[in-house]
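Just below is one structure, and these are the notes that go with it.
The values are calculated or read from the model by the stated rules, or taken from the named source; none is laboratory data. What you are looking at is a predicted structure, and each value in this text was computed from that prediction instead of being measured. All Cβ positions, glycine included, derive from the backbone under ideal geometry; neighbour counts span all protein chains shown.
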Amino acid sequence: MTSLFLDFVRVVVAGDLDEVSARLTRSPALATTASHVGATRQDASDFFFDSIAHYLYAGDTALHMAAAAFQRPIAELLIQHRADCRAKNRRGAAPLHYAADANHSDPAAQAETIAYLLSVGADPHAVDRSGVAPLHRAVRTRSAAAVRALLDGGANPRQPNKAGSMPLHLAVQTTGRGGSGSRDAREQQLGIVRLLLERGARLTDRDGQGRTVQQAATGEWIRSLLKQASAGSLRPVP
């Protein structure tokens, strides 16, 4: 089953709806199968999907990978074949966690995938084994579209992660991702900060170390942005 499942996942990630449908007709169990293999520190390259810059881990289902690929039509087909939108892999991540990762750029498809998963019962507050919810991932990967979709679907804008950091704390800290200082990344960051503040996050919220959002901010640009927020005006990225 392992080889059959991995071949199926490749078709899912590629977005070949007709082929996915044909394979499910022949082997319906593919929709509910959880992978017995996946990326580890010792063996990661065989389970990395370049097109979506995402790994497959043990316990992942086809729906996990459809979510990571932002393939809503395929996610719908898998759900029709009894895929579990709340299934968790060995790291505790559900499909919605993967949909919240902005590892490749297609914000419209990402938002549609998130909205669909939420509509069929995905839990916006589910945390993985590291205490991270989908909203935390969306903020850290700087996807304003994903943040909006999650908030629209009921995600708590003040949900703390395991370390006690709320989404707004994460939004004002350096992510370490490539291109984090680019104009596009800053525009995404500005959009996320605006969204979180509009939906109830507070600059005075404190993280697990007792720091307010302003105290947790890293970098002069973001500190300047927060001063604008305190004054009630967030200007566009210069």
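At-a-glance table
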item	result
Subset of segment 1-36 (residues that are assigned to a loop (DSSP other than H, G, I, E, B) and either touching a strand residue (DSSP E or B) at 6+ places or on another chain (Cβ under 8 Å) or under 24 Å from Gly92 (Cα atoms) (or both))	Met1, Thr32, Thr33, Ser35, His36
Tabulated pairs, segment 97-111, first within 10 Å of Val147 (Cα to Cα), second part of a helix (DSSP H, G or I) and of a type in the set (Lys, Arg), C-beta under 8 angstrom, 6+ apart or interchain	Ala100/Arg137; Ala111/Arg148
Residue count, segment 167-186 (criterion: modelled with pLDDT of 90 or more and among the acidic types (Asp, Glu))	0
Count of residues meeting criterion [buried (at least 18 other Cβ atoms within 10 Å of the Cβ), outside any helix (DSSP H, G or I) and of a type in the set (Val, Ile, Thr)] in segment 37-78	2
Failed item in (1) surrounded by 16 or more Cβ atoms within 10 Å (Cβ to Cβ); (2) within 24 Å of Gly121 (Cα to Cα), with Gly92 passing the rest	(1)
Residue list for segment 127-166, restricted to those being more than 18 Å from Glu198 (Cα to Cα) and either surrounded by fewer than 17 Cβ atoms within 10 Å (Cβ to Cβ) or at pLDDT below 95 (or both)	Arg129, Ser130, Gly131, Arg140, Thr141, Lys162, Ala163, Gly164
Single match in Ala217, Ala229 (criterion: touching a Leu at 6+ places or on another chain (Cβ under 8 Å) and within 14 Å of Thr174 (Cα to Cα))	Ala217
For Val132: the one exception among (1) within 14 Å of His97 (Cα to Cα); (2) outside any loop (DSSP other than H, G, I, E, B)	(2)
